[in-house]
Structures are given as C-alpha cells and as structure tokens.
Amino acid sequence: MCPVLGHLDGRFESADAEAEHRIAVLYQEFGGPLLRHVRKSTGNDLQWAEDVVQETIVRAWRNSARLQWEPSLIWAWLLTVARRIVIDGRRRKSVRPQEVEPPEVDMMAVPDGSERALSAMIVADALRSLSEEHREVIEQTYLRDRTINEAAEILGIPPGTVKSRLYYGIRALRELLRDKGVAG
Amino acid sequence: MHDGVAAYVLGVLDEDEHEAFERHLDTCERCQAELIELVELPEQLDELKNAPSASDDDPPMSMSR
C-alpha cells in the first residue's frame, strides 16, 4: 500500500474511532436520564423511546459546540431536541391508518394512575386560572399537537401573536405551578 | 425573537423556525436562561394529555363549555 494513503486511512480510522468514543461518552452521560424522560412521552413505547434517544445523541454529537454549555443548559437543550423528535414522529404516525396505533394505548400505559391524576388536576387548575387568551394558545398548540402556524389559522390571529401569547401564557403557567410547588 | 423560547421548548415551531431559534439560542443568554426555567413545563402539560379524562369528548379545559 502507498504510504501516503496508508497514513490517510489511519487518520480517518482514528477520526471515526474518536467520533464513536464521543458518542459513547454522550450515551453514558445522558442516555439513561433521557430515556426515562422520553418514555413518558412515547406512552412507554420502549423501542420508539430508544430510537429517539439515539437520534438525540447523534444530533448532540453533530452540534458538539453546544456541549461546551453549562450542564443544565445542555440537559434542557437535549430534552427539547428529544421532545421535538417525538412530536415529529407522532405527527408522522397520525397520518397513518388508525389501526397502526390505537389511541387507547397511550392512556392504558400510564403508570401511577392516582398520582398522575392529581398532578393533571393541579396543571388543569393552573391552566384554568390563566387569561382566556393565554389558555387558548396553549390549548390550540401544544395540547392539540399543532404548530404555531396551524393554531394561528384556526384562531384567525397572526402567528406572531400566537407566539407572543404562548410565551406570556407559558411564563404565567410556570409561575403558577411554581407557587403550587409542582415545578422543580 | 426572544418570545420564541416558549414555542421552541414546546416543539410547536415549524422546522425552519425551530432551527432558526436554535441558532439564536447559541448566542442569546437570556433565552438560554429561560429555556432552563421552562424545560419541565411540557412534561407537566403532558400530565394533562395523558390523564384519563383528557380524551377528545371530555376536554379537561374550558374550551367546549
């Protein structure tokens, strides 16, 4: 083998090995906690949750500059990336025929029924005490799996208004839940 | 741009806006701090989505009343 090519091959191999090592480290550090959170939003679908975690880790690796952030920000970003992947997956699934995934599955797989019902009540109460404008945009976007633009069309208001109301509504909800000792 | 942090954390931005906000996040300390504050909220809202009463015929909120 030509020594120059051999040298280059060696460098490529070590770059691959380094990438693999970095991905393994990311898995070790974030894989477990991410999986626990993601499973909640996949209705305990473990296979789906594992795929989501894998994709999240790969995206983190591709955006390694963000891994220089402080740990709480890295974690917030990773959770947001993972949630987005779940939401995109759910949107794709919802255009498939219903028999692929009956809607009951999500609800039947929910553990700790009474405890969760209680937190659901607290969150519902907090939501009810928001102004109509704020509650409406939270309901029409996140709670109904709709984007800002889709909700804007349904509500007949500009997307920028939905985005801004969502911001103030979410901040208000966060304050309410923090007062009730729900938020961490 | 800053008010996009709520839509971003909830994952309700269109893909191009989502990516644009992520680039904004790279340099905006205010949004970075707010992301950390808001990151648990979607899971709390999920409690509502997953609760047994949260079906289409019986929304837990006041919209249909």
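The values are calculated or read from the model by the stated rules, or taken from the named source; none is laboratory data. Just so it is clear, the model here is predicted, and its values are computed rather than measured. All Cβ positions, even for glycine, are placed from backbone atoms using ideal geometry, and neighbour counts span all protein chains on display.
Here are the numbers for this structure:
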quantity: Search result, residues across region B:1-19 that are under 21 Å from A:Ser64 (Cα atoms), surrounded by 15 or more Cβ atoms within 10 Å (Cβ to Cβ) and free of Cβ contacts under 8 Å to residues at least 12 places away in the same chain; calculated: B:His18
quantity: Some residue of region A:46-69 being out of contact with any helix residue (DSSP H, G or I) (no Cβ under 6 Å at 6 or more places or on another chain), closer than 20 Å to B:Glu40 by Cβ and more than 8 Å from every other protein chain (Cβ to nearest Cβ); calculated: no
quantity: Tally, over region A:129-174, of residues that are at pLDDT below 95 and acidic (Asp, Glu); calculated: 1
quantity: Check on A:Ala120, closer than 22 Å to A:Arg83 by Cα, modelled with pLDDT of 95 or more and crowded, with 20+ Cβ neighbours inside 10 Å; calculated: no
quantity: In region A:132-146, residue nearest to the other protein chains (Cβ to nearest Cβ) [restricted to those that are in contact (Cβ under 8 Å) with a residue 24 or more places away in the chain and outside any helix (DSSP H, G or I)]; calculated: A:Thr141
quantity: All positions within region A:147-163 that are buried (at least 18 other Cβ atoms within 10 Å of the Cβ) and without any contact (Cβ under 8 Å) to a residue 12 or more places away in the chain; calculated: A:Thr147, A:Ala152, A:Pro159
quantity: Residues within region A:147-184 that are small (Gly, Ala, Ser) and more than 10 Å from every other protein chain (Cβ to nearest Cβ), tallied; calculated: 4
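Residue-wise test of (1) under 28 Å from B:Glu47 (Cα atoms); (2) at pLDDT below 95; (3) outside any helix (DSSP H, G or I).
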position	(1), (2), (3)
A:His7	no, yes, no
A:Phe12	no, yes, no
A:Glu18	no, yes, no
A:His21	no, yes, no
A:Ala24	no, yes, no
A:Phe30	yes, yes, no
A:Val53	yes, no, no
A:Ala65	no, yes, no
A:Ala76	yes, no, no
